[in-house]
Amino acid sequence: MPAYQPRVLINDSTLRDGEQSPGVAFTLEEKLAIAAALEAAGIDEIEAGTPAMGGQEIEAIAAMVAQANKAEIIPWCRMTRADVEAAALTGASRVHLSVPVSDRQIHAKFGTGRADVLERIADVVGYARELGLRVSVGGEDASRADIDFLKRVVVAIEEAGGHRFRFADTLGVLDPFGTCELFRELARQTDIELEFHGHDDLGLATANTLAAVRGGATHVSVCVLGLGERAGNAPLEEVVTALGETLGRATAVDLARLPGLAALVAKASCRAIPENKPIVGSMVFSHESGIHVSGLLRDAATYEALDPARFGRERTIVLGKHSGRAALRSTLRSIGLECDHERIERLLAEVRARASLTKRPVELSELALLHSASVMEGSA
Ligand SMILES: CC(=O)SCCNC(=O)CCNC(=O)[C@H](O)C(C)(C)COP(=O)(O)OP(=O)(O)OC[C@H]1O[C@@H](n2cnc3c(N)ncnc32)[C@H](O)[C@@H]1OP(=O)(O)O
Ligand SMILES: O=C(O)CCC(=O)C(=O)O
């Protein structure tokens, strides 16, 4: 029997890092609706916002705390006592405290050095614990930090009463091999929970998140549709699906809810979902190429790794420039039409010509018209 692998816990930051995307701003109603949909989808933890932003943000987080049943609502804070006090006003029982850990960020933001970071962790984590809060700590820019210093940070968090270290690839500069190795090294160092928060500047956020789990991460930080600063974060839908597909790791997420969740966040963020966005894009379960469709019609697994039904979606076969006879015949049959060998050749040429001209798939109504024109021609 394979060794038992605990399920990976999902921390969704759509309402915090996602909302930090340039120009994105959710209303209170949108935040509550997104939080409810995240919870219904089985998300374990919701990073809900930044209390230091003031009254409205605190009220919104408090409303999410009041609304939540099972999901944990977590306010995001800087490593300051004032931020912790603002977070305490939300009624949340958890708080996430972030601190820069690369020398570059420590010097630029605090004008100090590593010892100051360790002192702040001892002081502010300790303070939050005194207020009765459970505390996770994020190491901002951890990917550019010295690994030996990160190990000291992890020890400091543990000593101060924190229960988790979030490793943030703030600038999205890691690769999967390095990420896996870093997590292996940290996991050897500590028993506290380890989380990965990856950005997608190099298009590697999902891969790095999987690599972190392979290396020992217990939690992953994601955003619906990969919303987030600059190129965004690791997309929830990709990460949870790929965790199961590639690492055989379970999450509590109900895959069938991902498309609805994506539509909700796309609308609230005024950002369209790209057609080819994995899992939730409108065309990712559509097939045009003749060779693929001919194979699919015999056995869907020839050209489909993911069964669309798992996501509450359906496979579609579209007719276009690359269609073959099998696709055309099967599509005609689906609308109750037949074609003999000679006419199928002509119709296929017409379908291809039409798709090339219009630069889109040929619709069923158009196909029916092309078919009846060819029947009339044949009988003339
Ligand atoms: C990588 C990330 O995603 S980090 C999270 C980014 N999120 C946000 O910025 C949320 C939205 N931000 C805001 O509304 C505002 O920036 C606020 C309310 C948090 C702070 O506003 P202001 O007081 O005007 O500060 P401002 O934004 O100009 O500068 C940030 C301050 O936080 C300090 N700071 C930055 N990170 C940290 C940290 N992890 N711990 C403690 N202090 C920090 C900076 O050094 C700077 O301090 P200074 O004012 O003494 O120079
Ligand atoms: O420290 C953290 O919690 C991570 C903050 C963040 O969003 C980032 O560094 O990209």
Can you name every residue in the stretch 249-265 that is surrounded by 18 or more Cβ atoms within 10 Å (Cβ to Cβ) and hydrophobic (A, V, I, L, M, F, W, C)? VAL253, LEU255, LEU258, LEU261, ALA262, LEU264, VAL265
Search the stretch 52-76 for residues that are in contact (Cβ under 8 Å) with a residue 60 or more places away in the chain and within 11 Å of ligand 1 (Cβ to nearest atom) and pair each with any residue that is among the hydrophobic types (A, V, I, L, M, F, W, C) and part of a helix (DSSP H, G or I) when their beta-carbon atoms are under 9 Å apart and the residues are at least 6 apart or on different chains. TRP76/ALA52; TRP76/ALA87
VAL125 being touching a residue at least 12 places away in the same chain (Cβ under 8 Å), in the same structural domain as GLU45 (by TED's automatic domain parsing) and farther than 21 Å from ALA71 by Cβ: yes
With the checklist (1) surrounded by fewer than 15 Cβ atoms within 10 Å (Cβ to Cβ); (2) farther than 23 Å from LEU296 by Cα; (3) hydroxyl-bearing (Ser, Thr, Tyr) in hand, flag the one item THR316 doesn't pass. (2)
Only listed residue being away from ligand 2 (no atom under 16 Å from the Cβ) and surrounded by fewer than 21 Cβ atoms within 10 Å (Cβ to Cβ), chosen from ARG104, ARG81, ARG144, ARG134: ARG81
Of those in the stretch 79-108 that are closer than 16 Å to THR50 by Cβ and part of a helix (DSSP H, G or I), the residue farthest from ligand 1 (Cβ to nearest atom) is ALA88
Test ARG129 against the stated conditions and say whether it is basic (Lys, Arg) and either under 24 Å from GLU30 (Cα atoms) or near ligand 1 (Cβ under 10 Å from one of its atoms) (or both). no
When ALA40 is run through (1) surrounded by fewer than 21 Cβ atoms within 10 Å (Cβ to Cβ); (2) more than 16 Å from ARG257 (Cα to Cα), the failure sits at (2)
Selected residue (criterion: surrounded by the most Cβ atoms within 10 Å (Cβ to Cβ)) from residues of the stretch 326-336 that are in contact with a His (Cβ under 9 Å, 6 or more places away or on another chain) and under 14 Å from LEU348 (Cα atoms): ALA327
Restricting attention to the stretch 39-49, does a residue exist that is assigned to a loop (DSSP other than H, G, I, E, B), under 21 Å from HIS163 (Cβ atoms), touching a Phe, Trp or Tyr at 6+ places or on another chain (Cβ under 8 Å) and within 13 Å of ligand 1 (Cβ to nearest atom)? no
From the list ALA380, ALA355, which residue is at pLDDT 95 or above and small (Gly, Ala, Ser)? ALA355
Please count how many residues of the stretch 227-250 are more than 12 Å from ligand 2 (Cβ to nearest atom) and outside any loop (DSSP other than H, G, I, E, B). 13
Quickly run through the stretch 185-216 and pick out the residues that are more than 20 Å from GLY138 (Cβ to Cβ) and over 13 Å from the mean Cα position of the chain (by Cα). ARG188, LEU202, ARG214
Give just the number: which of (1) surrounded by 18 or more Cβ atoms within 10 Å (Cβ to Cβ); (2) in contact with a His (Cβ under 9 Å, 6 or more places away or on another chain); (3) on the phi > 0 side of the Ramachandran plot does ARG230 not satisfy? (1)
Enumeration of residues in the stretch 298-321 that are assigned to a loop (DSSP other than H, G, I, E, B) and of a type outside the set (Val, Ile, Thr): ASP299, TYR303, GLU304, ALA305, LEU306, ASP307, GLY312, ARG313, GLU314, ARG315, GLY320, LYS321
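The values are calculated or read from the model by the stated rules, or taken from the named source; none is laboratory data. Here the structure is a predicted model, which is why all the values come from computation and not from measurement. Neighbour counts are summed over all protein chains in view; Cβ atoms, including those assigned to glycine, are modelled from backbone coordinates with ideal geometry.
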